[in-house]
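First comes the structure, then the notes that go with it.
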RNA sequence: GUCCCCAUCGUCUAGUCCGGAUCAGGACACCGCCCUUUCACGGCGGCGACACGGGUUCAAAUCCCGUUGGGGACGCCA
């Protein structure tokens, strides 16, 4: 049995998108599950838009996610080079061969000519295919155009009977009817190959056994099949996985907030959470478990359990995975990742050990680290601003707050346990309980009606800070 | 416009291939209750879907056809 070889082939014309990341993940999982190899190939044939910076960004993002590759531009391999810009000789040789065999021809049409032809066909309600003008050029006519110095691309001749069938691993048999595509460009006039030609050439040369890619490539496959055929190569198996859509049901793009892996990294999502969430977009294992480690995903991943229908990227569920990971793997493990999200005044106010405690408390329910700034408010050292509900809660409980000032002021052992005891004692003495007891205190100390356990907050804040906040609240309540 | 793909709760999905075991199961979100003299966490419960129409069949979410809806492709982008 042939060794499984799959590839992820991003083009460095943008950042790694969650859609691309999911494609990479499925390839990676499939390779690992099958004991095969995962290859990274950079499709940088669009010189205008590709950049080395974007390429290394993609590599960084993949590494951060934990999707290491066995062969790739940075680490080599037996089938290199792994950057298409470095494989141009191969594509040229292939194209020359196809021209020599009469399966492709030089095309001299200009962009303007192409555009107007397309417009004409569109007006006639015909598919906007190339009309084959240059295919019918005689040798003389070709020579004349060359002499004129016209730019020259290479077009593939689509055979007259061009119905092709694809046995897609996810979708079963897909029939592309004859006439679906016109002669298409395989080599651009700048001497670089187009996507379909380069991808097919490389997948064959790199002995890729399974092409797992987004559904947007499904209709391209007919061209690639014809290229394999013309070149006498055996095509790989194909699996077109469903697209990831935005909330508006269209293909996920920049318009949908922050769909880049790097953005989620910056916003403080654990890589494990992104992986786990992405794995369950379009795939599910038997059983009800959803929290799965990378190792478990590898063990359970099977292509035949990938759904054919597109799914919508739901950040709310990603948040859930994220909070589950922070909670279950332990806050301390993520402390170094989380610390950069702490406001400076908090970092200045507490020693590292205290910061770790604060993070543990917040981690009880923290969708992403970028939410720390908001959730950490009760622990900020300054005097909180009282507004709205908090102000009302304080105003209606002046007696309680004054009494708390005395009681807390007398507190010798400033711990959550003894603080809790004092609050209860205060409640009993003044005959208030529940929200009537806690809310005014909470509001005075933190400026909010929500937050972590009040005794813990007070313990960490420290005696001085807490008393100052209550005094200030009391003073503020006098002047409405 | 043409071609291709897709169609189960608001969202992710199980069940579909091999029709009966399902008044369709789980998760997120939402709501309620319990726990907690506060806030969460947690536990329990609730709300909530087979797009529509025809067939085939004793029986259809499951098979077939059509309609509608959504998406993708139709580039010298990938």
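The values are calculated or read from the model by the stated rules, or taken from the named source; none is laboratory data. Since we're looking at a predicted model, the values are computed, not measured. Backbone-built Cβ (ideal geometry, glycine too); neighbour counts: all protein chains shown.
Computed values, structure above
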| item | result |
| --- | --- |
| Segment A:274-304, subset touching a strand residue (DSSP E or B) at 6+ places or on another chain (Cβ under 6 Å) and farther than 18 Å from residue A:247 by Cβ, residue farthest from RNA strand B (Cβ to nearest atom) | A:303 |
| Matching residues, segment A:440-453, being surrounded by fewer than 21 Cβ atoms within 10 Å (Cβ to Cβ) and modelled with pLDDT of 90 or more | A:452, A:453 |
| Qualifying positions in segment A:53-77 - more than 13 Å from residue A:42 (Cα to Cα) and at pLDDT below 95 | A:77 |
| Meets criteria (assigned by TED's automatic domain parsing to the domain that holds residue A:345, surrounded by 15 or more Cβ atoms within 10 Å (Cβ to Cβ) and modelled with pLDDT of 85 or more) for residue A:366 | yes |
| The one condition in (1) more than 20 Å from residue A:61 (Cα to Cα); (2) at pLDDT 95 or above that residue A:275 fails to fulfil | (1) |
| Selection status of residue A:121, in contact (Cβ under 8 Å) with a residue 12 or more places away in the chain and either under 20 Å from residue A:205 (Cβ atoms) or surrounded by 13 or more Cβ atoms within 10 Å (Cβ to Cβ) (or both) | no |
| Evaluation of residue A:40 against (1) within 23 Å of residue A:239 (Cβ to Cβ); (2) surrounded by fewer than 23 Cβ atoms within 10 Å (Cβ to Cβ); (3) in contact with a helix residue (DSSP H, G or I) (Cβ under 8 Å, 6 or more places away or on another chain) (one fails), failing number | (2) |
| Filtered residue count, segment A:376-397, keeping only those that are modelled with pLDDT under 90 and either on the phi > 0 side of the Ramachandran plot or within 13 Å of RNA strand B (Cβ to nearest atom) (or both) | 5 |
| Those helices (runs of 4 or more DSSP H) lying entirely in segment A:84-190 with at least 1 residues under 24 Å from residue A:231 (Cβ atoms) | A:88-100, A:139-147 |
| Which numbered condition residue A:246 misses (of (1) in contact (Cβ under 8 Å) with a residue 40 or more places away in the chain; (2) in the same structural domain as residue A:93 (by TED's automatic domain parsing)) | (2) |
| Among the residues listed as A:182, A:172, A:149, the single one being within 8 Å of RNA strand B (Cβ to nearest atom), at pLDDT 90 or above and at positive phi | A:172 |
| Residue in segment A:187-194 that is at pLDDT 95 or above, under 25 Å from the mean Cα position of the chain (by Cα) and within 13 Å of RNA strand B (Cβ to nearest atom) present | no |
| Output for segment A:43-57, where each listed residue is in contact (Cβ under 8 Å) with a residue 60 or more places away in the chain, within 13 Å of RNA strand B (Cβ to nearest atom) and either surrounded by 19 or more Cβ atoms within 10 Å (Cβ to Cβ) or assigned to a helix (DSSP H, G or I) (or both) | A:43, A:45 |
| Number of the condition not met by residue A:415 [criteria: (1) more than 29 Å from the chain's Cα centre (by Cα); (2) surrounded by 13 or more Cβ atoms within 10 Å (Cβ to Cβ); (3) at pLDDT 90 or above] | (3) |
| Matching entry among A:353, A:373, A:315 (being closer than 28 Å to residue A:246 by Cα and more than 16 Å from RNA strand B (Cβ to nearest atom)) | A:373 |
